[in-house]
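No lab work stands behind these numbers, since they all come straight from the coordinates. Only a predicted model underlies this, so the values are computations on that prediction, with no experimental measurement involved. Quick reminder, even Gly has a Cβ in these numbers, built from the backbone with ideal geometry, and neighbours come from all protein chains shown.
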């Protein structure tokens with residue numbers, strides 16, 4: 001063996017000498033690169049030399065490494081220039097480090113020695129831990145408390161990983177990109193591991209509350225390839241609130257109202273209820289309650305939530321309590337009447353307290369009427385009543401009615417009356433200003449006129465130019481009588497036993513401090529009808545009725561009632577169809593012929609009754625000659641015939657009668 005080694009060294013030296021003599025320098029064909037190996041595994045550190053003339057040696061971390069079978073062995077044939085080193089049963093404490101392949105110079109005086117670039121042999125070691133740090137301290141509770149809407153810096157630190165693991169951040173299952181690069185620092189000691197740090201600057205939202213924040217370390221030496229640390233996020237945020245709206249139809253004393261203010265906050269918030277316009281706190285509960293609500297509870301309420309991080313926005317809710325009209329009154333009305341001037345304007349204003357706002361209607365009661373009358377034409381439906389160009393007829397009691405609707409029901413209330421009183425010149429009623437009356441001679445009569453005036457008037461009656469005064473016996477001016485209408489009166493002039501010379505024109509004059517008025521009355525005197533004339537008229541009417549009655553009775557008894565023809569005649573068409581009548585009209589006459597008789601008569605001289613056969617006991621004979629003469633008929637000789645035939649002429653034409661009359 002010694003000789004064999006000797007010869008090998010000799011051959012190597014000779015080879016080097018030969019190369020040196022030829023002037024060819026040695027160089028690296030391939031150098032070692034960073035290599036990873038699991039603990040106990042085998043790694044090969046490459047080193048191949050061209051024109052190798054020197055000797056190959058390896059060093060680790062600047063220390064020479066010998067060839068030890070079973071631990072460090074040549075991977076190739078150094079004699080052929082393959083100086084690659086095989087590291088067996090890799091151990092982090094022995095083998096992890098920087099390795100260099102060195103080749104001595106070809107000769108003692110050559111300068112072609114070789115020294116490779118250091119190459120790291122990494123004996124893999126899984127990270128022993130991965131932990132999450134917040135505010136420079138490890139969170140041992142597995143809960144990370146952060147603030148929303150602000151940047152939060154969180155660290156993930158991995159220890160003793162070799163090589164350093166790859167660190168990643170996840171929020172739930174969603175990867176988060178970090179704004180920082182991972183930092184890796186070697187650890188002191190024999191572990192040869194690394195401390196890896198990955199920082200996260202992130203703005204969390206309140207929706208992230210309760211999610212899992214994870215730091216995942218990826219490493220080939222790990223059995224599951226990953227190792228992670230996780231912490232539940234406790235995202236704290238300023239409160240936000242939502243509020244339920246109050247019902248639309250809230251009735252006083254009949255409804256209870258509940259309004260809820262819900263706060264979303266972390267940490268939990270305190271609810272604060274206030275009524276707008278008042279600094280006092282109404283409630284600190286989330287539910288605002290009104291049991292049997294009343295009108296004082298109406299208003300705008302605000303809800304606000306506060307916690308350690310701040311306060312929510314303020315949200316308002318309107319609560320409107322509805323109640324029917326009350327305290328309805330006409331503005332400025334007291335126990336004294338409302339005054340005005342005839343021809344002027346009067347304005348009344350109605351007030352009422354109700355929710356919703358009331359609808360106003362105006363009513364008036366005049367002339368002692370029991371029921372109020374709606375005066376929509378003048379009043380309209382507003383809170384103001386304006387009467388223009390008022391007259392005494394507008395005096396009376398005025399009412400204002402306020403109404404509103406709550407839950408579909410109409411609610412009403414009425415004011416106390418406002419009594420309207422007017423002052424002005426006298427005003428005579430339209431039907432009394434000019435008129436004519438008729439009085440029977442010798443009768444008593446009274447002329448009366450209605451008028452209105454305020455202040456109290458003076459009046460007189462006049463016939464022509466003569467003023468009628470009391471005490472003359474025949475004419476008596478009566479005292480004024482107040483009517484049912486305020487400030488209105490009835491004036492009367494009594495006349496006893498009216499005579500013909502009393503007919504004429506009477507004038508009524510009235511005046512007060514505001515003006516005057518007058519009325520004209522024409523009196524006609526009618527003489528009575530004599531009793532004899534009345535008796536004569538009645539007697540004449542009775543005689544006329546008796547005569548009419550007798551005429552009607554005579555007509556019935558003499559068979560001259562025109563309607564009998566309906567029962568005694570048949571259609572003339574039957575006569576013509578039987579061929580028993582050959583007649584024609586010529587020159588206004590009708591002729592009828594048979595084998596035994598002929599008749600010729602002017603058509604215009606025939607009457608309906610003359611064509612009838614009498615119902616008598618003369619065995620079918622015709623009417624007597626006296627009857628014919630009485631009716632202006634020509635003499636006709638009756639010849640026996642089986643069945644006489646009748647011709648009926650109307651308006652100059654034959655009407656085709658064919659009824660046969662039994663004789």
Self-check item: Label-point gap, in nm, between residue 357 and residue 389 - each point 7 angstrom along Cα→Cβ
Solution: 3.1
Quiz item: What ranking do 273-284, 159-170, 443-454 get when scored by the average of other Cβ atoms within 10 Å per residue, highest first?
Solution: 159-170, 443-454, 273-284
Self-check item: Percentage of interatomic Cα-Cα distances in region 429-526 larger than 19 Å
Solution: 40
Quiz item: Peptides 218-225, 229-236, 357-364: what's the order by average Cβ count within 10 Å, highest mean first?
Solution: 357-364, 229-236, 218-225
Exercise. Extending each Cα 7 Å along its Cβ direction at residue 407 and residue 550, get the distance between those two points in nm, one decimal.
Key: 9.0
Quiz item: What do the square roots of 5 times the Cα gyration tensor eigenvalues come to for region 39-79, in whole Å, largest first, as semi-axes of the equivalent ellipsoid?
Solution: 20, 13, 10
Quiz prompt | Simple label model, 7 Å out from Cα along Cβ direction - residue 120 to residue 61, nm | solution = 1.4
Exercise. Whole Å is fine, so just give me how far the alpha carbon centre of region 389-467 lies from that of region 251-265.
Key: 58
Quiz item: Can you sort 474, 322 by how many other beta carbons sit within 10 Å, fewest first?
Solution: 474, 322
Quiz prompt | Distance cut-off 17 Å, percentage of C-alpha pairs in region 426-475 lying past it | solution = 52
Quiz prompt | Full-stretch length increase - residue 270, residue 414 - with 0.36 nm per residue and alpha-carbon distance subtracted | solution = 47.0 nm
Quiz item: Which Rg and Dmax, in Å, describe the Cα atoms of region 126-196?
Solution: 13.6, 45
Quiz item: Given q = 0.20 Å⁻¹, what are the Debye log10 I(q)/I(0) values for region 244-319, with equal point scatterers placed on the Cα positions and solvent ignored?
Solution: -0.84
Self-check item: 20 °C / 1.002 mPa s Stokes-Einstein diffusion coefficient of region 476-524, Kirkwood radius on C-alpha pairs, µm²/s
Solution: 167
Exercise. Just order 429-438, 29-38 by mean Cβ neighbour count inside 10 Å, highest at the front, would you?
Key: 29-38, 429-438
